[in-house]
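The values are calculated or read from the model by the stated rules, or taken from the named source; none is laboratory data. Predicted model, so just to flag it, every value in this text is computed and none were measured. A quick note on method: Cβ atoms are made from the backbone with ideal geometry, for glycine too, and the neighbour counts reach across all protein chains shown.
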């Protein structure tokens, strides 16, 4: 299995790389994102054989399609150590921790795939815990170290830090938008005292933080000197790990592989739903991929109009589903690469416009007409919608959902189809967003005992302006210390 940049010529064999080569780097040198030269296909016989597998065994089967430069026994051991009932022990309502991602039916044909039973109570743990294990393994084999530079709108940061804390050969520098996350999210990150974890609050939006990460990654000299790597969803390993739970959710929702399902996915950076797109391209019987946005509806606008218009920081709304307060979806480039027939020249042209602060419009092109063939539909949700959905879901089903999952449920309701189960991917546990839950129906959600009072713990964070050089100086100072 070889990987190419979305901006490199597919015939350029010299530019293709193995999984381990791209694991540590994030962005390709040309600024593009890595994807397999072609998507591996899953046969009906394989689907039949995979249906009864445990999560860890299913993960090994799926990942083996994409990773052939880690010995099979080593990869299986890594996966087994990652996906354990002990790691994913925060199960609500008497669920089975051994399931890792239990499917909770709300009513016939409508279910929530629980992805937030990991240590930071967010779906990001599903991929990040594996990424931490992979990093430590590859770095040890190569005798190298890495300095991870990332940006978070809420959940990626804590998931990355919990996955990497104490890992040999790894330092984490995580940027977050100052004042734009929930108190719980800030406390999860900033209260960590591990020496290899460094938090930087940026006086701006998530997009500002993400732009800084990209700018540093595009400085080849700095990146090489300070061994800069990435754990954001631009990292291919994050995406490939998320493919696994689409298969797990499909098997949980169906009796046979003749059936189809739909997945509704709250989406900001397009990484989670990109994994669903790839699972569908592999042959998983997905009827629809329902993309749900909040008031920052750049992606919803594209799927309705063909226009991709990233907003400025001033025009990016601070909402009650803050992990989706994103107006430049990093992983969207991966989908567009497939949409335009994997033509890197087209991608380069389109992202030259994006990088110049403009955007592009495919409405009058054949590309836009291809979207239905990829199974995508979309919708958006507002603060009022979230409150109503949280309240209604509790009143009807006795289930409390977080604001992002509420966005997914609201948009999912617009696209339900008789005979096709609709699976909403859970984003986080409601304990991470107590203020919004309380506003919805006047009571606080339960939180795991180990996390009670986390906001009162001492916090360690540096606040910086939106300044690429200031971040570079911070990284250099701590690496060289």
Practice item. Just give me the residues in segment 339-371 being touching a strand residue (DSSP E or B) at 6+ places or on another chain (Cβ under 9 Å), surrounded by fewer than 14 Cβ atoms within 10 Å (Cβ to Cβ) and touching a residue at least 12 places away in the same chain (Cβ under 8 Å), in sequence order. Key: 363
Practice item. Just one of (1) touching a helix residue (DSSP H, G or I) at 6+ places or on another chain (Cβ under 9 Å); (2) assigned to a loop (DSSP other than H, G, I, E, B); (3) surrounded by fewer than 23 Cβ atoms within 10 Å (Cβ to Cβ) trips up residue 216, so point out which. Key: (2)
Review point. Can you name every residue in segment 186-201 that is within 12 Å of residue 157 (Cβ to Cβ) and in contact with a strand residue (DSSP E or B) (Cβ under 6 Å, 6 or more places away or on another chain)?
Key: 189, 190, 197, 198, 199, 200, 201
**Study point:** Residue ID - farthest from the chain's Cα centre (by Cα), chosen from residues in segment 159-182 that are modelled with pLDDT of 90 or more and within 22 Å of residue 317 (Cα to Cα)
**Key:** 178
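Can you report the number of residues in segment 313-326 which are over 16 Å from residue 402 (Cα atoms), over 15 Å from the mean Cα position of the chain (by Cα) and surrounded by 22 or more Cβ atoms within 10 Å (Cβ to Cβ)?
1
Residue by residue, here is whether (1) touching a residue at least 40 places away in the same chain (Cβ under 8 Å); (2) under 11 Å from the mean Cα position of the chain (by Cα); (3) buried (at least 24 other Cβ atoms within 10 Å of the Cβ) holds:
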| residue | (1), (2), (3) |
| --- | --- |
| 253 | yes, no, no |
| 260 | yes, no, no |
| 269 | yes, yes, yes |
| 283 | yes, no, no |
| 291 | yes, no, yes |
| 294 | yes, no, yes |
| 297 | yes, no, no |
Check your understanding: Name the residues in segment 40-67 that are in a loop (DSSP other than H, G, I, E, B) and buried (at least 18 other Cβ atoms within 10 Å of the Cβ), would you?
Key -> 42, 66, 67
Point to revise | Top-ranked residue of segment 433-481 - restricted to ones that are part of a helix (DSSP H, G or I) and in contact with a strand residue (DSSP E or B) (Cβ under 7 Å, 6 or more places away or on another chain), ranked as nearest to residue 389 (Cα to Cα) | key: 471
Point to revise | Residue check for residue 380: over 28 Å from residue 8 (Cα atoms) and in contact with a strand residue (DSSP E or B) (Cβ under 7 Å, 6 or more places away or on another chain) | key: yes
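Could you go through segment 179-188 and let me know if any residue there is surrounded by fewer than 18 Cβ atoms within 10 Å (Cβ to Cβ), in a helix (DSSP H, G or I) and on the phi < 0 side of the Ramachandran plot.
Within segment 179-188, the first condition is being surrounded by fewer than 18 Cβ atoms within 10 Å (Cβ to Cβ), and the residues that meet it are 179, 183.
Still in the list and also in a helix (DSSP H, G or I): 183.
Filter once more, keeping what is on the phi < 0 side of the Ramachandran plot: 183.
Within segment 179-188 (the criterion being surrounded by fewer than 18 Cβ atoms within 10 Å (Cβ to Cβ), in a helix (DSSP H, G or I) and on the phi < 0 side of the Ramachandran plot), the answer is yes, since at least one residue qualifies.
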